[in-house]
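Here the structure comes first, spelled out in structure tokens, and everything after it is commentary.
The values are calculated or read from the model by the stated rules, or taken from the named source; none is laboratory data. The model shown is predicted, which means the values in this text are computed figures rather than measured ones. FYI the Cβ positions are ideal-geometry reconstructions off the backbone, even for glycines, and counts take in every protein chain you see. Areas reflect the complete protein model, heavy atoms only, side chains present, ligands, DNA and RNA absent. Shrake-Rupley method; radii C 1.70, N 1.55, O 1.52, S 1.80 Å.
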Amino acid sequence: MEMRSPLGRVRGLGSAKDGVAHWWAQRVTAVALVPLTLWFVVSVVSLVGADYAAYKAWVGMQGNLVLLVLLIVILFHHTQLGLQVVIEDYVHGEAAKVVSLMVIKFTVVLLGASCVLAVLRVSFGT
Amino acid sequence: MKSGNRPLSPFLMYRPQFTSILSITHRLTGIALAAGTLLFTYWLTSASYGPEAFARAQALIGSVFGRLLLFGWTLALFYHLCNGIRHLAWDAGWGFELPRLKATGWVVIVVSITLTFLSWAAGYAVRGGA
Ligand code: HEM
């Protein structure tokens with residue numbers, strides 16, 4: 001069965017336009033998220049009911065800050081890759097697809113940058 | 001241009017079966033967790049606005065409604081995490097035979113529910129009292 005459109009075959013790309021790289025990045029981020037999210041759940045449990053001072057002390061520890069920044073960056077990257085696949089499956093029409101993919105990318109970068117800046121600010125104390 | 005006879009996602013072709021339900025659930029939990037990043041962002045950014053803003057965020061998350069949402073997200077996270085490992089095992093070439101698919105599917109369900117309850121028990125222990 002021929003599974004690709006003639007144009008798709010000429011371009012030589014999958015639906016993500018960068019198929020293998022996308023697939024691989026999804027796996028690498030998934031592997032990294034296993035320890036990071038487990039660490040995060042344990043941390044959140046330890047911060048149940050915490051006040052600002054306790055949170056600041058937690059995020060002020062070098063190891064926590066490093067893991068938190070890594071979690072933020074990798075989590076948002078994984079989310080963007082995942083939502084991209086979902087959009088490619090359900091949103092038809094080239095324009096709608098391109099616009100939704102852009103909205104997702106911009107949103108993810110905005111949220112991710114806000115999170116990183118916020119944790120750095122609290123950690124370095126202003 | 002006619003695009004030929006393209007395949008559909010498995011869950012668009014078959015009647016719901018155990019394994020296909022697990023697969024849709026992976027997608028649904030992924031989308032739910034993506035929505036959860038909004039709360040995650042609110043929590044982290046609130047702290048950068050100072051103690052009052054952070055206390056407000058903590059109170060909101062600790063409210064009955066907040067805890068309900070958080071419980072759902074805990075379950076979604078553990079399911080997606082466990083089933084994600086199942087996905088990675090398939091990619092490594094392990095576990096794609098039907099008996100194993102079913103067995104590991106049950107493992108995912110049991111482990112994710114167990115981890116969710118353990119985390120919440122630990123959370124209540126830290127909080128002290130009900
Ligand atoms: C905790 C560790 C995690 C692991 C091991 C993991 C693993 C995976 C894997 C293997 C896939 C690809 C599934 C496929 O090819 O069909 C995937 C998809 C996805 N993940 Fe994750 N993930 C994790 C955490 C997260 C988190 C925290 C979020 C969101 C905040 C997320 C959002 C998504 C989304 C939206 C998809 C796309 C769903 C789909 O295509 O059906 N994941 N995940």
Q. Quick one: which of A:91, A:119, A:31, A:109 is more than 10 Å from the ligand (Cβ to nearest atom) and open to solvent by 50 Å² or more (accessible area, probe 1.4 Å)?
A. A:109
(Q) Of everything in the stretch A:111-126, what is touching a residue at least 60 places away in the same chain (Cβ under 8 Å) and in a helix (DSSP H, G or I)? Give them in sequence order. (A) A:119, A:122, A:123
Q: From the list B:81, B:44, B:69, pick out the single residue that is within 9 Å of the ligand (Cβ to nearest atom) and assigned to a helix (DSSP H, G or I).
A: B:81
Q: Tell me which residues, restricted to the stretch B:103-130, are at pLDDT below 95 and not hydrophobic (A, V, I, L, M, F, W, C).
A: B:127, B:128, B:129
(Q) Here is a list: A:85, A:98. Which entry is in contact (Cβ under 8 Å) with a residue 60 or more places away in the chain, hydrophobic (A, V, I, L, M, F, W, C) and assigned to a helix (DSSP H, G or I)? (A) A:85
Q) In this structure, is residue B:54 in a helix (DSSP H, G or I), of a type in the set (Phe, Trp, Tyr) and within 10 Å of another protein chain (Cβ to nearest Cβ)? A) yes
Q. Being farther than 26 Å from residue B:39 by Cα and either in contact (Cβ under 8 Å) with a residue 12 or more places away in the chain or away from every other protein chain (no Cβ under 11 Å) (or both), is that true of even one residue in the stretch B:74-87?
A. yes
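Just a yes or no: is a residue in the stretch B:39-57 closer than 20 Å to residue A:29 by Cα and not hydrophobic (A, V, I, L, M, F, W, C)?
The answer is yes, given that some residue of the stretch B:39-57 is closer than 20 Å to residue A:29 by Cα and not hydrophobic (A, V, I, L, M, F, W, C).
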Q: Kindly provide the set of residues from the stretch B:88-130 that are within 13 Å of chain A (Cβ to nearest Cβ) and either charged (D, E, K, R) or within 14 Å of the ligand (Cβ to nearest atom) (or both), ordered by number.
A: B:88, B:89, B:90, B:91, B:92, B:111, B:112, B:115, B:116, B:119, B:127
